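Right, one structure below, let's go through it.
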Amino acid sequence: MTRQSDARDDRIGHDPAGDSQAGRVWAAMRDLTESYPSKDVLREALNLGRGSGRVKALLWLTEGPLSLSELAEAVRVDAPYATLIVDNLEERGLVERRPDPADRRRKLVALTSEGKEAAQRALRIKREPPPGFALLTTAELDVLEDIIRRVAGPASPSSGA
C-alpha cells in the first residue's frame, strides 16, 4: 500500500467494510438523498436564511403543535437553539406560540396558515425527484422501486433462522 493510500485509510470514519458493493451503493443513495434538493434551493424558495433547522422545524410542525422541548428533540438541537429557530419563524409569521390546553404553564408551537403554506412548499420541493430520474425508462423505474421496497421492507420470516 502506498503512503498516500495509508493516509486515506487513516481518515476518521474510514470503514474498510464500507468498501463492499452494498456499502458503496448505500453511500451513493445517502449522498443523493442528503444533497438533493440542495439547501440553497429550499432557502431560496422559503426565504428562511441559512441553516436547515427552520425547514426541519416547519416540517415537524406539519404533524401538529409541539412544545419547544419536543421540537428541539425532533430537530435534534438543544433547547436554546430551538428557541432561536421558533423566534425566527415567529418573526416571519410562520409559527405562533399558544398555551397548551393540557398544561396552561406550557407553550406549544404551531404553524400559522402562512407556515402551513411554507411547509407544503418545502415538501413539494423535497419530493421532486432529481433530474437524473427523467433519464430512466419506466421499466428501470419499476425495477428501482421494487429494489428500494425490498431493501426498506421488513425481513421475511424465513430469512431469520
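Criterion applied to Glu96, Glu63, Glu73, Glu34 was being of a type in the set (Asp, Glu) and under 26 Å from Pro131 (Cβ atoms), and the one residue passing it is Glu34. Within segment 97-122, the only residue that satisfies the criterion of being over 22 Å from the mean Cα position of the chain (by Cα), of a type in the set (A, V, I, L, M, F, W, C) and surrounded by 13 or more Cβ atoms within 10 Å (Cβ to Cβ) is Leu108.
Would you confirm, using the coordinates I've provided, whether Arg104 is in contact (Cβ under 8 Å) with a residue 60 or more places away in the chain and either in a loop (DSSP other than H, G, I, E, B) or under 30 Å from Ser67 (Cβ atoms) (or both)? Spelling it out, it is not the case that Arg104 is in contact (Cβ under 8 Å) with a residue 60 or more places away in the chain and either in a loop (DSSP other than H, G, I, E, B) or under 30 Å from Ser67 (Cβ atoms) (or both). Take the residues in segment 10-28 that are hydrophobic (A, V, I, L, M, F, W, C) and more than 27 Å from Pro130 (Cβ to Cβ); name whichever of them is modelled with the lowest pLDDT. Ranking the candidates gives Ile12 first. Looking at segment 123-138 only, could you name the residues that are surrounded by fewer than 10 Cβ atoms within 10 Å (Cβ to Cβ) and farther than 30 Å from Glu63 by Cα? Result: Gly132, Ala134, Leu135, Thr137, Thr138. At pLDDT 90 or above and either closer than 21 Å to Arg92 by Cβ or out of contact with any strand residue (DSSP E or B) (no Cβ under 7 Å at 6 or more places or on another chain) (or both): is that true of Lys56 in this structure? Yes, satisfied.
The values are calculated or read from the model by the stated rules, or taken from the named source; none is laboratory data. Quick caveat, the model's predicted, so the values are computed rather than measured. Using ideal geometry, Cβ is built from the backbone for each residue, glycine included, and neighbour counts are taken over all protein chains shown.
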